[in-house]
Amino acid sequence: MMFIHSCIPGLQPEDTCEVRCKLPFLGDPVMGRCPADNTDPAQPPEIPEFPDCTPQCEEPVLAPSGYNRNGGNWTCADGYVGMAETSCGPDAACNMIFNLSGCVPKVPCRAPSLSGCEYNVSCPAELAPGESCEIHCQSPYSGNSTTASCDVENTASGEANYAVPNCSLVCSEPPVNLTEAYELTDQGWQCNSSGYLGTAVTTCTVDVSCNALLLITGCMPILPCLSPDPRSFDVCQYNFTGCDMLMPGASCNVSCADPYIGDMTNASCPDLNVDPLAQIIYERPNCSLLCPEPDPVPEGYMKSQTGWLCAEGFSGLASASCRTEKFFSAGEAICLTRTELAGCLPLQPCFFPASDVCDFDTSNCSQLRAGGTCQVHCQVPFLGASSVGRCPADNTVANRLVDVEMPSCMLDCPVSEIPEGYNISWGAARSDGLAVSTFGMDPISGRRARVERAGYFVCEDLYAGNLTASCSIDTNCQWRMDFEGCHPTVPCAALDLATPPCGLIADCAQVVPGRSCRVACNAPCTGEPSELSCPVGNTNPDQPLLGKMPDCLTECDFVPPGYRALARTWECADGYTGEAQVGCVPSGPGKVCDTEIQLEGCRELVSCGPGDFDPCHYDMSDCISVPRHLLIGAAL
């Protein structure tokens, strides 16, 4: 600990203490103080500036490895380089420690690592600081030599400093791969003029055994051109006879193959071709195919002056195409040409499967010819307008369904026996009723039809609710009426008279729908009485009474510690600090008082906390709880 202080828990507001340097630190003390209005028990003493404490250390008698003492100064020992530096400071147990740093040992360098055929490194595995060696070019390479050296004050492990020699490969004539494609002239190696083209180029290289090799490349033989690959053109359309292996500078004719007709074009081979895969250069002739008439004419088609048409009973767009088939015999392609007609299909009727639901009658549309119409009706007990189905006049799709938008059929049941709690109002329409329909027989179609709206379903007297009347049908197409929603009316739930703060006075145990009761405040509470009612048509026995409860009030105040009342306001009591603030708030549930006074803003004065100080630097033993008046008396 660098400081010694007495500012520990218990230093009262406005008390002061002395902060001193703790041995072996030296420095002048300073004063600390607990704030006069402190209310935070964790608040440390206020110290404007800590003492300037300087550590004191003893230097070692024997110099550590790597260091020498010269009078009052420290230097690096032989075999070490750097600048010796000293420091003094405490360890974790506050013991003063003298430290030396800055001197590092010299280390040797590694020899250069150069691989390949070019270099000969005449160096030991390690070079001592200040030592050097030479690097030479190795046969079949020639060039300058360089020097590798280790720095006199080297302290880092690594290779010696060196420059790579500039070595050039030397090869001897003649080239090891010399052929008849090359000849030696006064200007050097060139391509043989008898059937070869290019530029002769020599290259000097080494093999895996570091032997020098002189290679020569660049001259290629002059070659004939090939006819086109049969996969790249139609062998039934073009004829390349006489164009295979066409010599450089020669030409041939490309013609149309039977049964195609058209003009011939010219093909050629470049004068100086050296590419063994090069093909002749040509343009394809413009060939037209001659097609025969179909014999016999297939069913569904007929020929007119303008072309081919679909025959009666068929639909579509007739088209004629010429098709060539090829096969090979004795290595040659044989091509046959014929005319194909397409686009005409026979007209087909439309179908409608028998309906598996109760809504629709589709018997009139079971099979409908192309261009025909039919009707889909709503099936008893469903009502709705019929729909028209159609089969397109040009339909060629087998088993196509009739095009129809199914009618909107509404399930409408006749009035059945009405259960208890439900009735029919035959007068004006009611907002809570559902329409009732009566039915008769349509004399034209013989089908069941709605006659008129005769009345509305309603809940019976002494019943209420959200009435629903639904018509349903089962898998056998049998219908029935179902009624829901009407329930007997019942009184509302009894009122709980033990309501805070003081309870209530009322006769509200059995209030029937549409009636009310009077509710008053019980002493000592006071307030205006009110009326509570049970809603008309109530069917819920747990329904609470509706209306505003009486506003029952009383008065009650509780003064918390730390506050003192004055004539017209409040202030903080002794031992507290802050500004008193007063308000009025409602009481909580279960309390007799309706409102309470609320005081806030005053906080209790407390002593200062210990603070967070460096235990090695400071002596705080003087900062104990000393009353302020004793410090003043001592000063006098």
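Worth a mention:
- Looking across Thr146, Thr155, one residue alone is under 19 Å from Tyr80 (Cα atoms) and out of contact with any helix residue (DSSP H, G or I) (no Cβ under 6 Å at 6 or more places or on another chain). It is Thr155.
- Among the candidates Asp78, Asp91, residue that is more than 56 Å from the chain's Cα centre (by Cα) and acidic (Asp, Glu): Asp78
- Pick from region 269-284, criterion surrounded by fewer than 11 Cβ atoms within 10 Å (Cβ to Cβ) and among the acidic types (Asp, Glu), ranking: farthest from Asp234 (Cα to Cα): Asp271
- Filter pass, Glu417 being in the same structural domain as Cys374 (by TED's automatic domain parsing) and either at pLDDT 70 or above or more than 60 Å from the chain's Cα centre (by Cα) (or both): no
Residue by residue, here is whether (1) at pLDDT 90 or above; (2) touching a Gly at 6+ places or on another chain (Cβ under 7 Å) holds:
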{"site": "Cys477", "(1), (2)": "no, no"}
{"site": "Phe483", "(1), (2)": "no, no"}
{"site": "Cys486", "(1), (2)": "yes, yes"}
{"site": "Leu504", "(1), (2)": "no, no"}
{"site": "Ala509", "(1), (2)": "no, no"}
{"site": "Arg515", "(1), (2)": "yes, no"}
{"site": "Leu532", "(1), (2)": "yes, yes"}
{"site": "Pro544", "(1), (2)": "yes, no"}
{"site": "Glu555", "(1), (2)": "no, no"}
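- If the condition is being surrounded by 11 or more Cβ atoms within 10 Å (Cβ to Cβ) and in contact with a Gly (Cβ under 6 Å, 6 or more places away or on another chain), then region 186-203 contributes Cys191, Gly198, Ala200, Val201.
- Residue satisfying condition, being surrounded by 15 or more Cβ atoms within 10 Å (Cβ to Cβ) and either of a type outside the set (Ser, Thr, Tyr) or touching a strand residue (DSSP E or B) at 6+ places or on another chain (Cβ under 9 Å) (or both), within set Glu126, Glu183: Glu183
- Residue in region 182-198 that is outside any strand (DSSP E or B), out of contact with any Leu (no Cβ under 9 Å at 6 or more places or on another chain), of a type in the set (D, E, K, R) and over 30 Å from Arg323 (Cα atoms) present: yes
- Among the criteria (1) in contact with a strand residue (DSSP E or B) (Cβ under 9 Å, 6 or more places away or on another chain); (2) within 30 Å of Phe327 (Cβ to Cβ), the one Thr217 does not fulfil is (2).
- When region 237-256 is limited to residues that are of a type in the set (A, V, I, L, M) and buried (at least 18 other Cβ atoms within 10 Å of the Cβ), the one that is farthest from the chain's Cα centre (by Cα) turns out to be Leu246.
- Under the condition of being over 56 Å from the mean Cα position of the chain (by Cα) and either over 30 Å from Ala257 (Cβ atoms) or exposed (fewer than 15 other Cβ atoms within 10 Å of the Cβ) (or both), the residues counted in region 307-326 number 10.
- Annotation note: of Ser168, Ser172, Ser157, the sole residue that is in a loop (DSSP other than H, G, I, E, B) and within 60 Å of the chain's Cα centre (by Cα) is Ser157.
- Among the residues making up region 442-463, those that are at pLDDT below 55 and either assigned to a strand (DSSP E or B) or aliphatic (A, V, I, L, M) (or both) are Ile444, Arg448, Ala449, Arg450, Val451, Glu452, Arg453, Ala454.
- Filter pass, Val201 being part of a strand (DSSP E or B) and either among the aliphatic types (A, V, I, L, M) or at pLDDT 90 or above (or both): yes
- Any hit, region 137-148, residues being out of contact with any Cys (no Cβ under 8 Å at 6 or more places or on another chain), more than 23 Å from Cys76 (Cα to Cα), not assigned by TED's automatic domain parsing to the domain that holds Met83 and not basic (Lys, Arg): yes
- Listed by position, the strands (runs of 3 or more DSSP E) enclosed by region 1-106 that each have at least 3 residues that are farther than 30 Å from Gly578 by Cβ are 16-21, 67-70, 73-76, 80-90, 96-105.
- Residue match in region 286-298 (condition: closer than 18 Å to Cys236 by Cβ, surrounded by 15 or more Cβ atoms within 10 Å (Cβ to Cβ) and not aliphatic (A, V, I, L, M)): yes
- Entirely in region 280-344, the strands (runs of 3 or more DSSP E) that have 2 or more residues that are touching a Lys or Arg at 6+ places or on another chain (Cβ under 8 Å) and not assigned by TED's automatic domain parsing to the domain that holds Cys269: 314-329
- Selection status of Glu85, farther than 30 Å from Glu604 by Cβ and modelled with pLDDT of 85 or more: yes
To keep it simple, each residue is scored yes or no on (1) at pLDDT 50 or above; (2) over 27 Å from Pro561 (Cα atoms); (3) not hydrophobic (A, V, I, L, M, F, W, C).
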residue	(1), (2), (3)
Ile597	yes, no, no
Glu600	yes, no, yes
Leu605	yes, no, no
Gly609	yes, no, yes
Phe613	yes, yes, no
Cys623	yes, yes, no
Arg628	no, no, yes
Gly633	no, yes, yes
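- Selected residue [part of a loop (DSSP other than H, G, I, E, B) and either farther than 21 Å from Ala77 by Cβ or of a type in the set (S, T, N, Q) (or both)] from Pro129, Pro112: Pro112
- Within region 214-236, being without any contact (Cβ under 8 Å) to a residue 60 or more places away in the chain, over 30 Å from Val170 (Cβ atoms) and either β-branched (Val, Ile, Thr) or buried (at least 17 other Cβ atoms within 10 Å of the Cβ) (or both) holds for Ile222, Leu223, Cys225, Leu226, Ser227, Pro228.
- The one condition from (1) in a strand (DSSP E or B); (2) modelled with pLDDT of 90 or more that Asp151 does not meet is (1).
The values are calculated or read from the model by the stated rules, or taken from the named source; none is laboratory data. These figures come from a predicted structure and were not determined experimentally. Cβ sites come from the backbone with ideal geometry, for glycine too, and all protein chains shown count toward neighbours.
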